[in-house]
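The structure appears below as structure tokens.
Every number in this text was worked out from the coordinates using simple rules, so none of it is lab data. Source: prediction; values computed, not measured. Note that each Cβ is placed from the backbone with ideal geometry, even for glycine, and that neighbours are counted across all protein chains shown.
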Ligand code: CA
């Protein structure tokens, strides 16, 4: 488990690095907000511990950038601030927990472990398999028979929906509302076009065919062959 600690107070930073390393974590320590921001945005961590009061880029900004970039890394704010407003702000910016200085190291450790446990379940198990097709949800990666397939965001969402509900016939109206956030009536052609593109990428060069058209009803993804494709 690799943790990023962003803390400008030298003593606290050293203390955290040493304590967390002794607890068995790999630690990257950033001693200012700019380095912390850079590391948080460019490298992958299992959890980020953020001091709020930093002289350059503060903890709020780092948290905000991360969430805006769609990163779900758990974050714990560690700060001397203790007003209700600050706590609310931290949580609104996507912090998962909040610990006020001075804190007991044992409590920090307990909270870190809770956050890691909570985040581990969805991220580690988020792979969907249908025949030789694999969707890696956190990484947004699709492979078929070991070959990497590049999909657009919409195509990925569409495939994810079909794969999660494998074997179910999904009406166009449902696909429209879940993937495009729009009403069925507006433009159903969009879905047929997207399905065609998706099929060309994940089915054309592979066997067995996975995307099936169920006439008058919708689409489904499954291994079986008794369908009416195309
Ligand atoms: Ca500080």
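Observations on the structure shown:
- Size-normalised alpha-carbon gyration radius of the chain, reference 2.2 N^0.38 Å: 1.30
- Cα shape, the stretch 1-125, gyration tensor, a/c 1.5 rule: rounded
- Angle in degrees between helix 10-22 and the longest Cα principal axis of the chain, rounded to the nearest 10: 60 degrees
- Residue order for 62, 27, fewest other beta carbons within 10 angstrom first, comes to 27, 62.
- For the chain, the longest principal axis of the Cα atoms and the long axis of helix 189-202 meet at an angle of about 80 degrees.
- C-alpha center-to-center spacing [the stretch 38-60, the stretch 104-118] in angstrom: 18 Å
- Relative intensity of the stretch 46-180 on a log10 scale, I(q)/I(0) at q = 0.18, 0.20 Å⁻¹, equals -0.99, -1.11, per a Debye sum over C-alpha point scatterers of equal strength in the absence of solvent.
- Computed from the C-beta positions of residue 200 and residue 129, the FRET efficiency with R₀ = 35 Å rounds to 0.95.
- Summary value for the stretch 26-155: 15 percent relative contact order, contacts being C-alpha pairs under 8 angstrom separated by 6+ residues.
- The ranking of 1, 41, 75 from fewest to most other beta carbons within 10 Å of each one's beta carbon is 41, 1, 75.
- C-alpha long axis of helix 105-125 to longest principal axis of the chain, angle in °: 10 degrees
- In percent, rounded to a whole number, the relative contact order of the chain is 11, using alpha-carbon pairs under 8 Å and six or more apart.
- Per-residue Cβ neighbour counts within 10 Å put 79, 12 in the sequence 12, 79, beginning with the fewest.
- Relative contact order (%) - the stretch 1-46, alpha-carbon pairs under 8 angstrom, separation at least six: 50 percent
- The stretch 1-50: C-alpha gyration tensor shape, a/c 1.5 cut-off, then a/b vs b/c: oblate
- Mean residue ellipticity (222 nm) of the chain, computed from DSSP H runs ≥ 4 via -39,500 (n - 2.57), nearest 500: -12500 deg cm²/dmol
- Three-way shape label, the stretch 9-81, alpha-carbon gyration tensor, a/c 1.5: oblate
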